[in-house]
Amino acid sequence: MKPDLSGHVALVAGATRGAGRGTAVALGEAGATVYCTGRSALGRRSDYDRPETVEETAALVSAAGGEGIAAAVDHLQPAEVEALVRRIDAEQGRLDILVNDIWGGERRIEWNTPVWAHDLDAGLRMLHTGVDTHLITSHYALPLLIRRPGGLVVEMTDGTREYNAGHYRVSVFYDLVKAAVLRLAYSQAEELKKYGCTAVALTPGWMRSEMMLEAFGVTEANWRDAAAVQPHFAAISESPRFVGRAVAALAADPGALGRSGGSFSSGGLAREYGFTDIDGSRPDCWRYLVEVQDAGLPAAAAGYR
């Protein structure tokens, strides 16, 4: 059954593109009011220098059936985040869902580069944009969320706790950011439990974000054509909406508190809740990575979507 989140208020921090945009729209599909935040907005360009804006995301939320509200916010600036939460309180009087999706590190990653050779400023900036932003946002937003039991905090990361514990992820800086976010979900779960609220870590699989599609020279309409460049991407990738539907399913689950502190993937939750990606499939990327890609087998989606 489609989740019903009518009457729920969500804040998706980092909703400009990628998983944040997909999550905001999926919450809109379920009827939620969604505050869509990010640095890229009309008249305000981030250092990503990309065309997507929070206003576009808010419009997509409304078109999907919810109410999208755009807010240009730099989540590294405590005063801006505090003002945002005051606005949500004044306009809605509640906050039911917080999604910490801010990352901002794609253009600072130096793949498979040891810590002593990696650009230090770029690495430290990843820590600030990928961890500090989550802490700042939770600091100001959680007092509003805990007013009612049943609130949900989703810490968006890359990789499950199980997978990341046994795999080096890209670089020391990248690895540290993603491990920190996983732990942050666990720690917040401990602090939220007496209020009847839930915190989880959630990872998409190989996601067809705007930047990833551009990197492979394809679009959402013809993404399978990337097989010539990266066959595993063409076999197992998922749209940003897929992980968003995982968030919606969690938010609508009256038993979600039993998952608090856990680490989950979009594909794993799809098997449990029964939702699908926009093409009707259920890609299970993290199982695929272990059993096919990491095992050196040829790309083959059968049994994994």
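No lab work stands behind these numbers, since they all come straight from the coordinates. Predicted model, so just to flag it, every value in this text is computed and none were measured. Here Cβ is always computed from backbone atoms with ideal geometry, including for glycine, and neighbour counts include all displayed protein chains.
Things worth noting here:
- Dipole magnitude for segment 44-156: computed about the Cα centre from +1 point charges on Lys and Arg Cβ and -1 point charges on Asp and Glu Cβ, it is near 300 debye.
- Computed on the chain, with alpha-carbon pairs under 8 angstrom and 6+ residues apart, the relative contact order is 18 percent.
- Kyte-Doolittle mean at least 0.0 and Cα axial length at least 20 Å: DSSP H helices in the chain: 172-192
- Here segment 1-71 is described by how far its Cα atoms reach on the three principal axes: 40, 18, 17 Å, from widest to narrowest.
- For Asp96, neighbours were defined as the other residues whose beta-carbon sits under 15 Å from its Cβ, and their charges (Lys and Arg +1, Asp and Glu -1) total -2.
- Each of Ile97, Ile146, Ile69 was scored by other Cβ atoms within 10 Å of its Cβ. Arranged with the fewest first, they read Ile146, Ile69, Ile97.
- Our summary gives segment 101-176 a relative contact order of 49 percent, counting only alpha carbon pairs under 8 angstrom and 6 or more residues apart.
- Here, segment 1-144 is characterised by an Rg to Rh ratio of 1.01, where Rg is the alpha-carbon radius of gyration and Rh the Kirkwood radius.
- Furthest towards positive pole of dipole, Ala71, Ala185, Gly14, structure part the chain, Cβ charges: Ala185
- Going by neighbour counts of Cβ atoms within 10 Å, the residues Glu272, Glu238 line up, fewest first, as Glu272, Glu238.
- For Leu152, distant residues with modelled amide H under 5 Å away: Ile97, Leu98, Thr198
- Residues whose amide H falls under 5 Å from that of Val34, counting only those 5 or more places apart or on a different chain, are Ala10, Glu67, Gly68, Ile69, with hydrogens built in the peptide plane.
- Qualifying chymotrypsin sites (Phe, Trp or Tyr not before Pro) for segment 164-203 [loop in DSSP, other Cβ within 10 Å: at most 15]: Tyr168
- Spherically averaged projected area of segment 205-291 from its Cα convex hull (nm²): 6.1
- Working note: Karplus 6.51/-1.76/1.60 with θ = phi - 60° gives segment 158-167 the couplings 10, x, 6, 4, 5, 5, 5, 5, x, 9 Hz, where Gly and Pro are set to x.
- Shape call, segment 102-214: gyration tensor on alpha carbons, a/c limit 1.5: prolate
- Think of each Lys and Arg Cβ as +1 and each Asp and Glu Cβ as -1; about the Cα centre, that makes the dipole of the chain roughly 540 debye.
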